[in-house]
Amino acid sequence: LNQTEPPTPSLTPKSNANAGPSDLLPSLMGAFKAMTEAHIPVQFLDDRPASFATLPRYKVVYLPNILTISAEEADALRAYVRDGGGLVATGATSLFDDMGRQQPDFTLADLFGVDFVARGRYTFPYLNVLPSDLSGELVSQPMPHYMAMWCVRPNTDGVQVAATRRDPLIETENEVYYHNNQPAPGPDTGEPVVVYRTYGKGRVVYCGALAEGNYARLGYAPYRQLIAQMIHWAAGSAPDIRAEGLLNTEIVPTRLGADLIVHLVTGMPQRSVRFHLHRTADTIEEQVTLSNVQLEVPATTRAAYRMPARETLSLTRNGGQVTVTLPEVTDWETILLVQEELQE
């Protein structure tokens, strides 16, 4: 008999979900996955001075549980937001020094508008979304959250709350546990989890939950939507190119003079067959054609072409909204959006 040990799941823990503050791999994977599925263009920056010098190019910087922020990086981020940039930070971002030692407060507490209080007691709390300018149409039911959250309190005026924490009815321990280790939510604590504020000319969102790590583990759509809403609010607007659905399509826009070049890169999930504790090898990705794809584009768009053949695409105008329809989309499409000339 084949006694080969089955592979261990890489992200989902067996029980208590990572009591430590670091959650690097799921945080990065979940953030990137959520942004690409929400059609938010994304690039990575590192801590090299040459990389940090490019901050002004971007509308929003997203810090997914980045534990350590140097004094130089903190000053650069403050200047970036003060000059009109957007910032979204989650979890224990900037709570540790360069040696990995926890500090009494966030290095960026003045930017976040909240002080660190403590790590939450419960390892399976819930996120409770409130009606707000940031929340939009996010779901109102409690969102399950693996890992304890970070408890914070506002330290300045003008801090708005978009979500609070609901603790579970019990904490799973050796003798006490709930079915499937998912205890039901208790009453709302009223303690802030997602807060947002203006800072100088810019906007800041802090989230004491790990939305991106939970999206990597659970694939729960409201976390993708929460990440997108935090970024949209921090940017002051939604992306220029938008589409409903199309989760497997990455939208990559770039400027060509006054016009826009839009790449649509579509990949379909690999398939495999599972039996008992084993699985077949992944199949080679197939090219799948999507039909009648509609993109919402800037209102200044006066013509659209499918490249490189320069095939004319239809434009539909409905008030201030402009939609481009592509009869079909394969694995890689390039669209030219010709913009109206600016009037002097």
- Expressed as a whole percent, how much of the Cα-Cα distance distribution for segment 158-211 exceeds 19 Å? 47
- Item | segment 129-256, dipole about Cα centre (Lys/Arg Cβ +1, Asp/Glu Cβ -1), debye to the nearest 20 | 500
- Dipole magnitude of segment 213-344, debye to nearest 20 (Cβ charges: Lys/Arg +1, Asp/Glu -1, about Cα centre): 520
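Please report, in cubic angstrom per residue, the volume enclosed by the convex hull of the alpha-carbon atoms of the chain.
191
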- Note on the structure: In nanometres, the difference between 0.36 nm per residue of separation and the alpha-carbon distance of Asp46 and Leu25 is 6.0 nm
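For segment 32-128, compute the orientation-averaged projected area of the C-alpha convex hull (one quarter of its surface), in nm².
7.7
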- Could you give the DSSP H helices of the chain that reach 18 angstrom or more along their long axis (alpha carbon positions) and whose average Kyte-Doolittle hydropathy is no lower than -1.0? 24-37, 221-235
- Query: Arranged from highest to lowest average of other beta-carbon atoms within 10 Å per residue, in what order do the peptides 157-165, 80-88 appear?
  - Reply: 80-88, 157-165
- Query: Along the charge dipole of the chain, Cβ charges K/R +1 and D/E -1, which of Ile170, Leu337, Tyr62 sits furthest on the positive end?
  - Reply: Ile170
- What number, in percent, do you get for the relative contact order of the chain if the mean sequence gap of Cα pairs under 8 Å and at least 6 apart is divided by its residue count? 17
- Message: Could you tell me the calculated FRET efficiency between Met268 and Thr156, based on Cβ-Cβ distance and R0 = 35 angstrom, to the nearest 0.05?
- Response: 0.15
- Note on the structure: Restricting to Cα pairs under 8 Å and 6 or more apart, the percent relative contact order of segment 166-317 works out to 12
- Query: How do Thr123, Thr266 stack up against each other in accessible area, from largest to smallest, with a 1.4 angstrom probe?
  - Reply: Thr123, Thr266
- Contour minus Cα-Cα span, Asp259 to Leu277, at 0.36 nm per residue, comes to 1.3 nm
- Residues of segment 291-326 with amide N under 15 Å of the 7 Å Cα→Cβ point at Ser237: 296-302, 320-322
- For the chain, what is the charge dipole size about the Cα centre, in debye to the nearest 20, if Lys and Arg each add +1 at the Cβ and Asp and Glu each add -1 at the Cβ? 260
- Item | Computed helical MRE - 222 nm, the chain, DSSP H runs ≥ 4 contributing -39500 (n - 2.57), nearest 500 | -5000 deg cm²/dmol
- Query: Distance in nm between label sites at Leu315 and Glu340, each 7 Å beyond Cα in the beta-carbon direction?
  - Reply: 0.9
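Probe radius 1.4 Å, ligands and nucleic acids ignored: give me the carbon and sulfur share of the accessible area of the chain as a rounded percent.
The computed percentage sits at 51.
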- Message: For segment 25-154, what does the accessible surface come to per residue with a 1.4 Å probe? Please give it in Å².
- Response: 45
- Message: Under the 0.36 nm per residue contour assumption, what length would be gained going from the current alpha-carbon distance of Asp75 and Ala118 to full extension?
- Response: 13.0 nm
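The values are calculated or read from the model by the stated rules, or taken from the named source; none is laboratory data. Fair warning: this is a prediction, and the values are worked out from it, not measured in the lab. Heads up, the Cβs are rebuilt from the backbone with ideal geometry, glycines too, and the neighbour counts pull from every protein chain shown. These accessible areas exclude ligands, DNA and RNA; they are computed on the full protein's heavy atoms, side chains included. Shrake-Rupley method; radii C 1.70, N 1.55, O 1.52, S 1.80 Å.
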